[in-house]
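**Q** My questions all concern the structure below.
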Amino acid sequence: MSANIDAISAVRRSYLAEVFVSLKSAVNDPEGLAIRDGLRSLGYAQVEAVRAGKYLRVTLDAESTDDAHSQVAAMCEQLLTNPVMESYHVALTPLSDH
Amino acid sequence: MRYGVIIFPGSNGDHDALKAVELGLGEEAVAIWHKETTVEGCDALLIPGGFSYGDYLRAGAIARFSPIMDAVTEFANAGGPVLGICNGFQILTEAQLLPGALLRNGSLSFVCDWINVRVESDRTPFTAELDPGTVLRLPIAHGQGRYFVTEDQLSELEANDQVVFRYADARGEVHDDHNPNASVGHIAGVCNERGNVVGLMPHPERAYDATIGGDEGLQLLGAVARQLTTAGTVRA
């Protein structure tokens, strides 16, 4: 029994979840447009579009990558993003074992 | 008749709301700190403007987790009249008591001005005394007031008579020059399906006396008291 507990606790580790939040593509993004125009006025005529957004780093403890992904997805749905206007994606990096 | 005014850390329209009720309407107003867990004894609730929790993450996003919000939700679900003003509107959308979301103004600038809104629906307790088409002159002060819903949701809101106010000129005509934040459909305020929860970006509580620029906000704030009194449902 104690061996099992050891096996489970051995796989628990910290993860860094990088959450990228942006306005949905259907939503007008005046901030992105203003930045795009700024870049163009600096001479970057090749810039086609800019979308502004938010970057959050969440460090969390999880049993597995799947567990970490589902925890962060729930956080995004409940607080980190507003699904009415925003979309997101998550990049997950395992940190040191506990 | 007793109005409850919910105060969050960062609210700044709370005293305007309390004074508008007390001085403008001659009714009773009580301040309710966000850590409290009951709105008992209140007949109507006002969620005032400001920058609750510094607008961290998104305007209104953190305030919805305040302890008082369970009681606000329960009150709203029981049919109690709730008016969210500016940041209060943002909080009610984040709490999903109202549809849609409020985004950064199209101009990217904070707008502080007197504008006109056209009343679109008289089915809420705050607009019940106003014929659709009535124009009210009210102040605005916000950086994130651009109302957003998808086109499908907009059609649904219009079909359900949930659009309560639109930005307009002094004659009640709606056009882009008089849309201060680029809101979808020129929308300045909406209600829930039942009609008892209303949110708007303009500040009726800052328009309660001619000496401060106008008193037309009292028509909204006062209507709910008269509605409840007529219906005999005033509890206080």
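**Q** Could you give each residue of the stretch B:225-231 its phi-based ³J(HN,Hα) in whole Hz, using Karplus coefficients 6.51, -1.76, 1.60 with θ = phi - 60°, and x for Gly or Pro?
**A** 5, 5, 4, 5, 5, 4, 6
**Q** If I build a Gaussian network model for chain B, linking alpha-carbon pairs within less than 10 angstrom, which residue out of B:D215, B:D16, B:D176 has the largest mean-square fluctuation?
**A** Most flexible of the set in this elastic network: B:D176.
**Q** Here is a follow-up. Kindly identify residues of the stretch B:43-80 having a loss of at least 20 Å² in accessible area between the isolated chain and the assembly of all protein chains, probe radius 1.4 Å.
**A** B:L57, B:R58, B:R64, B:F65
**Q** What stretch of chain B, leaving out the sites themselves, is the longest with no chymotrypsin sites (Phe, Trp or Tyr not before Pro) in a DSSP loop having at most 14 other Cβ atoms within 10 Å?
**A** Longest run free of exposed loop sites: B:111-236.
**Q** Could you check what % of the DSSP bridge pairs in chain B are antiparallel, to the nearest 5?
**A** That works out to approximately 60 percent antiparallel.
**Q** Also, quick follow-up: Measuring from a point 7 Å past the Cα of B:R123 along Cα-to-C-beta, which residues in the stretch B:153-172 have an amide N at less than 15 Å?
**A** Under 15 Å, as judged by backbone N against the label point of B:R123, lie B:155-165 of the stretch B:153-172.
**Q** Near B:H15, within a Cβ-to-Cβ distance under 12 Å, what is the net charge of the other residues, with Lys and Arg +1 and Asp and Glu -1?
**A** Neighbour charge sum, excluding B:H15 itself: -2.
**Q** Shifting gears a bit: Excluding B:D169 itself, calculate the net charge of residues whose Cβ lies under 10 Å from the Cβ of B:D169, where each Lys or Arg counts +1 and each Asp or Glu counts -1.
**A** Cβ neighbours under 10 Å give a net charge of 0.
**Q** Further question on the same structure: Pick out which of B:T73, B:T150, B:T127 has the largest mean-square fluctuation in a Gaussian network model of chain B, springs linking Cα atoms closer than 10 Å.
**A** Of the options given, B:T150 has the highest mean-square fluctuation.
**Q** Let me ask another. Going by a 1.4 Å probe on protein heavy atoms, which residues of the stretch A:50-98 end up with at least 30 Å² less accessible surface in the whole assembly than in their chain alone?
**A** Residues meeting the cut-off: A:K54, A:Q78, A:L79, A:N82, A:V84, A:M85.
**Q** Suppose we keep just the alpha-carbon trace of the stretch A:27-67; what are its Rg and Dmax in angstrom?
**A** That works out to 17.1, 49 Å for Rg and Dmax.
**Q** Can I ask one more? With each label point set 7 Å from Cα along the Cα-Cβ vector, what nm distance links B:N12 and B:D209?
**A** Placing both labels 7 Å along Cα→Cβ, they lie 2.1 nm apart.
**Q** When the Cα centres of the stretch B:144-160 and the stretch A:55-98 are compared, how far apart do they sit, in Å?
**A** Value for the Cα centre distance between the two parts: 29 Å.
**Q** With the dipole of the protein assembly as shown worked out from charges on the C-beta (+1 for Lys and Arg, -1 for Asp and Glu) around the Cα centre, which of B:T124, B:I91, B:N160 lies farthest toward the positive end?
**A** Working it through, the farthest residue towards the positive pole turns out to be B:I91.
**Q** A further question follows. Using a cut-off of 11 Å between beta-carbons, work out the net charge of the residues near B:H178 (Lys and Arg +1, Asp and Glu -1, B:H178 not included).
**A** My count for the surroundings of B:H178 gives -2.
**Q** Also, I was wondering about something else. Report, please, the projected area of the stretch B:97-167 averaged over directions, based on the convex hull of its C-alpha atoms, in nm².
**A** 5.3 nm²
**Q** Take every Cα pair under 8 Å in the stretch B:1-127 that's 6+ residues apart, average their separations, divide by the length, and report that relative contact order as a whole percent.
**A** So the answer I get is 23 percent.
**Q** On each of the three principal axes of the Cα atoms of the stretch B:85-220, give max minus min coordinate, whole Å, ordered largest first.
**A** Largest first, the stretch B:85-220 extends 41, 35, 28 Å along its Cα principal axes.
**Q** Separate question: Which of the GluC sites (Glu not before Pro) found in the stretch B:153-232 are in a DSSP loop and have at most 13 neighbouring Cβ atoms, other than their own, within 10 Å?
**A** In loop regions of the stretch B:153-232 (DSSP not H, G, I, E or B), the sparsely surrounded GluC sites (Glu not before Pro) are B:E173, B:E193.
**Q** If you don't mind, another one. What relative contact order, as a whole-number percentage, does chain B give when Cα pairs under 8 Å and 6 or more residues apart are counted?
**A** 21 percent
**Q** So how strong a dipole does chain A carry about its Cα centre when Lys and Arg Cβ are +1 and Asp and Glu Cβ are -1, to the nearest 20 debye?
**A** Charge dipole of chain A: 360 debye, to the nearest 20.
**Q** With label points built 7 Å along Cα→Cβ from the Cα atoms of B:R194 and B:F110, find their separation and express it in nm.
**A** It works out to 3.6 nm between the two label points.
**Q** Taking only Cα atoms of the stretch B:30-94, what ratio of Rg to Rh do you get with Rh as the Kirkwood inverse-distance radius?
**A** 0.94
**Q** Determine which lysines satisfy two conditions relative to A:K24: a Cα distance under 27 Å, and not lying fewer than 8 residues away in the same chain.
**A** Excluding near neighbours in sequence, the set is A:K54.
**Q** Cα-Cα pairs above 17 Å in the stretch B:157-225: how many percent?
**A** Distances greater than 17 Å cover 52 percent of the Cα pairs.
**Q** Further question on the same structure: Taking square-rooted eigenvalues a ≥ b ≥ c of the alpha carbon gyration tensor, is chain B rounded, prolate or oblate, where a/c under 1.5 means rounded and, failing that, a/b exceeding b/c means prolate?
**A** Rounded, since a/c falls under 1.5.
**Q** Follow-up question, since we're still on this one. Mind listing the phi-derived Karplus ³J(HN,Hα) values for the stretch B:149-164, rounded to whole Hz, using 6.51, -1.76 and 1.60 with θ = phi - 60°, and x for any glycine or proline?
**A** 9, 6, 4, 5, 5, 5, 4, 5, 4, 5, 5, 8, 6, 9, 7, 9
**Q** Also: Per the Cauchy relation, a quarter of the hull surface: what is the mean projected area of the convex hull of the alpha carbons in the protein assembly as shown, in nm²?
**A** Taking the Cα atoms of the protein assembly as shown, their convex hull projects to 21.6 nm² on average.
**Q** Using a 1.4 Å probe on the protein heavy atoms, what percent of the accessible area of the protein assembly as shown belongs to carbon and sulfur?
**A** In the protein assembly as shown, the share of accessible area belonging to carbon and sulfur is 50 percent.
**Q** What is the magnitude of the charge dipole of the protein assembly as shown about its Cα centre, with +1 placed on the Cβ of each Lys and Arg, -1 on the Cβ of each Asp and Glu, and no other charges, expressed in debye to the nearest 20?
**A** Once rounded to the nearest 20, the dipole reads 480 debye.
**Q** Could you run the Karplus curve 6.51 cos²θ - 1.76 cosθ + 1.60 with θ = phi - 60° over the stretch B:182-199 and give me ³J(HN,Hα) per residue in whole Hz, x for Gly and Pro?
**A** 6, 5, 4, x, 6, 6, 9, x, 9, 10, 6, 4, 6, x, 8, 10, 10, x
**Q** Which is the longest stretch in chain B that no exposed loop site breaks, taking sites as trypsin sites (Lys or Arg not before Pro) with a DSSP loop state and at most 11 other Cβ atoms within 10 Å?
**A** Result, exposed sites excluded: B:36-170.
**Q** Just the number, please: buried accessible area between B and A, total of both chains, 1.4 angstrom probe, nearest 100 square angstrom.
**A** Result for this pair: about 1300 Å² buried.
**Q** Mind checking the dipole of the stretch B:1-84: about its Cα centre, +1 per Lys or Arg Cβ, -1 per Asp or Glu Cβ, Debye to the nearest 20?
**A** With Lys and Arg at +1 and Asp and Glu at -1, about 280 debye.
**Q** So, one more: For chain B, build the charge dipole from Cβ charges (+1 Lys, Arg; -1 Asp, Glu) around the Cα centre, then report which of B:H15, B:G79, B:G222 sits farthest towards its positive end.
**A** Selected residue: B:H15.
**Q** Right, next: Mind listing the long-range amide H neighbours of B:S183? Cut-off is under 5 Å, sequence gap 5 or more, other chains count too, H placed in the peptide plane at 1.01 Å from N.
**A** For B:S183, whose amide H was placed from the backbone, the distant partners under 5 Å are B:Y147.
The values are calculated or read from the model by the stated rules, or taken from the named source; none is laboratory data. Just so you know, these numbers come straight off a predicted model, no measurement behind them. Glycine gets a Cβ as well: all are built from the backbone with ideal geometry, and neighbour counts include every protein chain shown. For the accessible areas, the whole protein counts, side chains as well, though only heavy atoms, and no ligand, DNA or RNA atoms are used. Shrake-Rupley method; radii C 1.70, N 1.55, O 1.52, S 1.80 Å.
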